[in-house]
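The values are calculated or read from the model by the stated rules, or taken from the named source; none is laboratory data. Not measured: the values here are computed from a predicted model. A quick note on method: Cβ atoms are made from the backbone with ideal geometry, for glycine too, and the neighbour counts reach across all protein chains shown.
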């Protein structure tokens, strides 16, 4: 069974998708391989829209959509190396509120991708803007679990 990101990249049979690499980096590599050029290329924009949907579906596939699912929270806590793993949903939510991780990196974690934990939302914001690893802000298919993990990248809390 293939994942939503694998299905997206499979539409381009001449492209060799590396699942352990950050998905946004792979999309930029795909754009170069397809010679789509700048952001105002219609084909690139259509593919980017599909890619953003695939990102949300990938999160849902890996972690679920229910913000009240303790097993989903435990798995996320395990991926971000929270120890000990919280025993309740409220404890897991609190632990994750105090943990700042890029959602693109979180998607790649089960495939062995690198994931850095940041001390603050401001540090996460700087990293996300520098690496351009943005997760779709508005997505129809985003469940409450995903929505509860989002951070303010352009207006981070605790900024100076």
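Computed values, structure above
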item	result
Output for the stretch 5-25, where each listed residue is modelled with pLDDT under 95, in a helix (DSSP H, G or I) and either in contact with a helix residue (DSSP H, G or I) (Cβ under 7 Å, 6 or more places away or on another chain) or loosely packed, with under 14 Cβ neighbours inside 10 Å (or both)	23, 24
First in the stretch 24-37 and at negative phi and in contact (Cβ under 8 Å) with a residue 24 or more places away in the chain, second anywhere and crowded, with 18+ Cβ neighbours inside 10 Å and in a helix (DSSP H, G or I), Cβ under 7 Å, 6 or more apart	24/104; 27/51
Flag for residue 19 being free of Cβ contacts under 8 Å to residues at least 12 places away in the same chain and closer than 21 Å to residue 5 by Cα	no
Selection count, the stretch 29-44, where residues are surrounded by 12 or more Cβ atoms within 10 Å (Cβ to Cβ) and assigned to a helix (DSSP H, G or I)	6
Helices (runs of 4 or more DSSP H) enclosed by the stretch 64-149 - at least 2 residues per element that are more than 12 Å from the chain's Cα centre (by Cα) and surrounded by 18 or more Cβ atoms within 10 Å (Cβ to Cβ)	70-79, 89-97, 121-131
Residues (farther than 15 Å from residue 107 by Cβ and modelled with pLDDT of 85 or more) located in the stretch 125-143	125, 126, 127, 129, 130
